[in-house]
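Here is the structure we will look at, set down as structure tokens.
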């Protein structure tokens, strides 16, 4: 009888462990396509960094590090319509990526530009490290696909009110978002 009870307890523990693993798997969205962007300074600036885009089900994790910012500053950060950084000032990247013809605003709010990203907040050394999961953009397919678009770091804080740009000022760094 003791042997049967021990076997029963082991079986119950194994079933419980399998159920927990199955539930944990359901809670974690599948990782889909990825992309990245290597930010290079525009003429006369020193801002640079690397940003990753990872499709997680219906959201995209945008994460990375940007260096060379004004210490303790908050600056605008946006996906732009063109993957073109050929001009010295970053203007060749065009305006904000806005395929659904919506207003400029805070990332994550309903009906804002697909290119609206959370502002970057630099620490005392001028470095911003960030990670955000955003809906309204995609990696690798669809109308809101960010692959092949421009990524811009601006000089000024985004006011999230001025249309269509947020009054974020000159472009300090530019990158083309590339599928990996």
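Using the Cα gyration tensor of the range 57-180, with a ≥ b ≥ c the square roots of its eigenvalues, what is the shape: rounded (a/c below 1.5), prolate (a/b larger than b/c) or oblate (neither)?
The shape class here is rounded.
Counting only C-alpha contacts under 8 Å and six or more residues apart, can you give the relative contact order of the range 31-179 as a whole percent?
32 percent
Taking the Cβ of each residue in 119, 86, 168 as the centre, tally the other Cβ atoms inside 10 Å and list the residues starting with the fewest.
86, 119, 168
Which shape class applies to the range 96-140: rounded if a/c is under 1.5, otherwise prolate when a/b exceeds b/c and oblate if not, where a ≥ b ≥ c are the square roots of the Cα gyration tensor eigenvalues?
prolate
None of the figures in this text is laboratory data; all of them are computed from the coordinates on show. Not measured: the values here are computed from a predicted model. Backbone-built Cβ (ideal geometry, glycine too); neighbour counts: all protein chains shown.
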